[in-house]
Amino acid sequence: MGKNKIIGFNVTIPYKEYIISFLDEVLYPAKYIGAVNTVSVSKGKLIGYNTDYYGFIKTLEDIKFNIKGCKAMIIGSGGAAKAVLYALHDNGAKTIEVVARREETLAEHSSIITKIWSFNRGFSLEDYHIVVNCTPLGGANHSNVNPITIIAANEDTLFYDLNYVPEKSLFLKKGEEFGCRTMNGKKMLFNQAYKAIEIWNENNGEDL
């Protein structure tokens with residue numbers, strides 16, 4: 001890689017977990033999330049990062065959403081959901097609840113999760129400040145599906161869908177019906193990419 005001047009690369013599903021065994025070092029929070037989407041090649045070593053974590057935080061900073069003290073709900077339990085989980089926790093969310101099909105996938109993270117819900121129920125979201133869909137449900141291949149059944153919501157609740165195709169998922173449209181703010185994952189995609197470039201530059205002492 002050094003001869004070819006490769007200073008880093010991105011990793012996407014389904015290889016975000018598989019890549020870890022090939023790396024020399026995995027840094028926080030990727031180590032705890034268990035998923036790497038950015039690899040830096042520095043001084044002959046392969047170093048793993050999770051820039052989804054930073055991309056998510058940056059999008060909330062940009063709209064001046066205050067994570068500290070908030071009540072949050074995460075839909076899903078995969079790598080993206082865990083990145084969001086640690087982003088919320090590390091920035092002071094008061095409570096973080098998760099909707100998951102398999103509770104055992106969250107066992108290692110139970111200390112920072114307030115409650116785990118199953119999908120087979122209706123949800124009243126009036127007390128939540130932010131609800132984040134981290135599943136593919138509602139995305140390009142499942143556009144006719146809403147990840148959860150929503151009974152009610154407060155207009156101050158932020159509906160955030162990591163999917164960005166279609167631009168407005170059924171989940172976001174439901175939020176709009178209740179007068180809520182909505183956001184898809186396109187800006188998070190850009191922000192995590194900017195963070196990856198920043199990491200590559202810092203680790204190699206040069207600008208791309």
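Read-outs: derived from the displayed coordinates by stated rules, not from any lab. These numbers come from a predicted model, not from an experiment. Please note: Cβ atoms are built from the backbone with ideal geometry, for glycine as well, and neighbour counts cover all protein chains shown.
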If each part is reduced to its alpha-carbon centroid, region 92-153 and region 59-88 end up apart, in Å, by 11 Å
In order over region 66-80: 3J(HN,Hα) from phi, Karplus 6.51/-1.76/1.60, θ = phi - 60°, whole Hz, x for each Gly or Pro, gives 8, 5, 4, x, 7, 9, 10, 10, 10, 9, x, 9, x, x, 5
Amide H contacts under 5 Å for residue 42, restricted to residues at least 5 apart in sequence or on another chain and with H modeled in the peptide plane, are 47
If one compares the long axis through the Cα atoms of helix 51-62 with the longest principal axis of the Cα atoms of the chain, the angle in degrees, nearest 10, works out at 50 degrees
Low-density loop trypsin sites (Lys or Arg not before Pro), region 1-95, at most 12 other Cβ within 10 Å, DSSP non-H/G/I/E/B, are 3, 5, 43, 64, 68
Once Lys and Arg are counted +1 and Asp and Glu -1 for all other residues with Cβ under 12 Å from that of residue 117, the total becomes +1
Phi-derived 3J(HN,Hα) across region 30-45 with the Karplus relation (6.51, -1.76, 1.60, θ = phi - 60°), rounded Hz, x for Gly and Pro, is 4, 4, 7, 5, x, 8, 10, 10, 9, 10, 9, 9, 9, 6, x, 10
Any lysines whose Cα falls less than 23 Å from that of residue 174, other than same-chain ones fewer than 8 residues away, would be 64, 71, 186, 187
Sequence order, region 163-177: Karplus ³J(HN,Hα) from phi using 6.51 cos²θ - 1.76 cosθ + 1.60, θ = phi - 60°, Hz rounded, Gly and Pro as x, gives 5, 10, 10, x, 4, 10, 6, 4, 4, 5, 5, 5, x, 5, 4
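Using a ≥ b ≥ c from the Cα gyration tensor of region 53-185 (square roots of the eigenvalues), is it rounded, prolate or oblate, where a/c under 1.5 gives rounded and otherwise the larger of a/b and b/c decides, a/b for prolate? Before the final figure, lay out each step's value.
Values: a/c = 1.31, a/b = 1.13, b/c = 1.16.
Cα axes put region 53-185 in the rounded bin.
For 200, 117, what ranking results if the residue with the fewest other Cβ atoms within 10 Å of its Cβ goes first?
Numbers: 200 22, 117 15.
Lowest count first: 117, 200.
Using packing as a proxy for protection, rank 118-128, 20-30 so that the peptide with the highest average count of other Cβ atoms within 10 Å comes first.
Working: 118-128: 13.5, 20-30: 15.5.
In decreasing order of mean packing, 118-128, 20-30 become 20-30, 118-128.
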